[in-house]
Amino acid sequence: MLAKFIFIGGLSLALLSIAYAEEGGGEVVTHFAKIDGVEIPAEVFVGRLRAGYREKFYHGTPPKAEVEKFQADMVEEAVNEVLLVAEAHRRELKVAVDFIDAEYQRRTADMSQDDIDAIDDFPARLRARIETSRLVELVEQDVVNNIPEPNDAQVLSYYEKTPELFTTPSRDRVQMILLGVPAYAGQEMWAETTERAAALVADLREGADFAEMAMIHSSDPSAANGGDMGFLHKGMLGGSADQMVGLMSPGDISEPVLLLEGVATFKLIERSESALNDFSVVKDRAKSLLVRELKEAAWVDLKATLNLAANVVINPVFLPAVK
């Protein structure tokens with residue numbers, strides 16, 4: 001979130017192209033924002049905003065609230081970029097000319113010289129854009145690469161505070177018999193198959209061998225293994241089948257369940273309950289996750305700090321009304 005912004009009124013994105021050309025009584029809009037007294041040219045932001053709009057909302061006209069959020073996000077991104085480039089200079093970070101040259105060649109590989117010449121000052125503008133983006137990347141790298149490695153006590157504390165990240169979820173070992181129904185089948189075939197499945201369930205509950213019945217009747221690939229689908233996590237079966245199995249106890253045989261592929265009957269062989277893994281087993285993973293979170297937090301904190309220290313005034317033309 002940007003701090004110390006001054007929002008005065010606003011204009012919808014639909015009117016942006018008009019607003020950029022002239023504001024109010026014909027006054028030309030020259031800047032997008034003033035950051036610590038320095039004006040940021042409007043044309044740069046407008047180009048990015050239009051390109052971003054086309055990319056995000058290519059499918060049609062979005063709701064007003066969604067457009068306003070997109071517009072505000074783009075403003076935040078643009079301001080952060082200016083502040084981060086200044087931070088890169090403060091840290092004396094530089095982009096190698098070889099990097100800019102290689103990236104320029106990559107981005108223009110499919111452009112003819114006529115295409116390049118048709119855009120005012122295109123080479124210089126693209127090279128400046130490449131340098132700016134790279135400087136932001138270099139600042140982020142500088143920040144995250146200087147995060148101190150957490151000690152064992154910190155990793156253990158993280159493990160204890162986030163047990164859900166280190167818990168093996170419950171799993172069900174399931175057998176299935178699928179009586180397949182073609183996609184083109186009508187209601188009569190579905191009814192007949194459901195009746196067959198009900199009769200099969202009755203036989204199974206009277207002692208028929210599930211694996212043998214699966215090999216004979218099931219159209220699922222698991223039939224070759226007696227219908228054994230192995231251990232499945234919750235949600236893998238999907239829909240009503242998952243709910244049905246979730247209510248069963250080991251040894252239970254389900255009622256017929258309608259699936260897209262046909263009518264299925266399940267047997268729950270065994271259930272492995274969820275369990276928190278011992279710290280010694282997941283210590284390395286816990287450390288890796290903690291380091292990632294520390295890096296993300298450091299990057300977010302830097303941007304927040306830079307915004308709090310800066311005096312940022314957004315030209316109201318480029319924002320929806322802010323209450």
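The values are calculated or read from the model by the stated rules, or taken from the named source; none is laboratory data. Every value quoted in this text rests on a predicted model; they were computed, and no experiment measured them. Methodologically, a virtual Cβ is constructed for each residue, glycine included, from the backbone with ideal geometry; neighbour enumeration extends over all protein chains shown.
Observations, loosely collected:
- Filter result for Arg125 (modelled with pLDDT under 95, in the same structural domain as Val44 (by TED's automatic domain parsing) and surrounded by 11 or more Cβ atoms within 10 Å (Cβ to Cβ)): yes
- Filter result for Phe166 (closer than 14 Å to Phe266 by Cα and aromatic (Phe, Trp, Tyr)): no
- Residue in the stretch 245-253 that is assigned to a helix (DSSP H, G or I) and among the aliphatic types (A, V, I, L, M) present: yes
- In the stretch 255-283, the residues that are polar (S, T, N, Q) and either more than 30 Å from Ala214 (Cα to Cα) or not in a strand (DSSP E or B) (or both): Ser274, Asn277, Ser280
- Whichever residue in the stretch 163-172 is in contact (Cβ under 8 Å) with a residue 12 or more places away in the chain and of a type outside the set (Lys, Arg) and, among such residues, is surrounded by the fewest Cβ atoms within 10 Å (Cβ to Cβ): Pro163
- For the stretch 152-175, the criterion of a residue being among the hydroxyl-bearing types (Ser, Thr, Tyr), under 30 Å from Arg91 (Cβ atoms), in a helix (DSSP H, G or I) and modelled with pLDDT of 95 or more is satisfied by at least one position.
Residue by residue, here is whether (1) under 24 Å from Gln243 (Cα atoms); (2) of a type in the set (Ser, Thr, Tyr) holds:
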| position | (1), (2) |
| --- | --- |
| Asn151 | no, no |
| Ser157 | no, yes |
| Thr168 | yes, yes |
| Ile177 | yes, no |
| Thr193 | yes, yes |
| Ala199 | yes, no |
| Ala211 | yes, no |
| Ala214 | yes, no |
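- Members of the stretch 293-312 found to be within 21 Å of Lys161 (Cβ to Cβ) and of a type in the set (A, V, I, L, M), listed by number: Leu294, Ala297, Ala298, Val300
Quick grid of which residues meet (1) modelled with pLDDT of 80 or more; (2) farther than 20 Å from Val312 by Cα; (3) in the same structural domain as Leu306 (by TED's automatic domain parsing):
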position: Phe32; (1), (2), (3): yes, no, yes
position: Val38; (1), (2), (3): yes, no, yes
position: Val44; (1), (2), (3): no, no, yes
position: Ala51; (1), (2), (3): yes, yes, yes
position: His59; (1), (2), (3): no, yes, yes
position: Glu66; (1), (2), (3): yes, yes, yes
position: Ala72; (1), (2), (3): yes, no, yes
position: Ala78; (1), (2), (3): yes, no, yes
position: Ala86; (1), (2), (3): yes, no, yes
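- Scanning the stretch 87-122 for residues that are part of a helix (DSSP H, G or I) and β-branched (Val, Ile, Thr), we see that the one that is surrounded by the most Cβ atoms within 10 Å (Cβ to Cβ) is Ile100.
- Residue within the stretch 173-193 that is crowded, with 17+ Cβ neighbours inside 10 Å, within 30 Å of Arg285 (Cβ to Cβ) and not basic (Lys, Arg) present: yes
- Only listed residue being small (Gly, Ala, Ser), touching a helix residue (DSSP H, G or I) at 6+ places or on another chain (Cβ under 7 Å) and assigned to a helix (DSSP H, G or I), chosen from Ala241, Ala286: Ala286
- Met236 being over 30 Å from Gln141 (Cα atoms), of a type in the set (A, V, I, L, M, F, W, C) and part of a loop (DSSP other than H, G, I, E, B): yes
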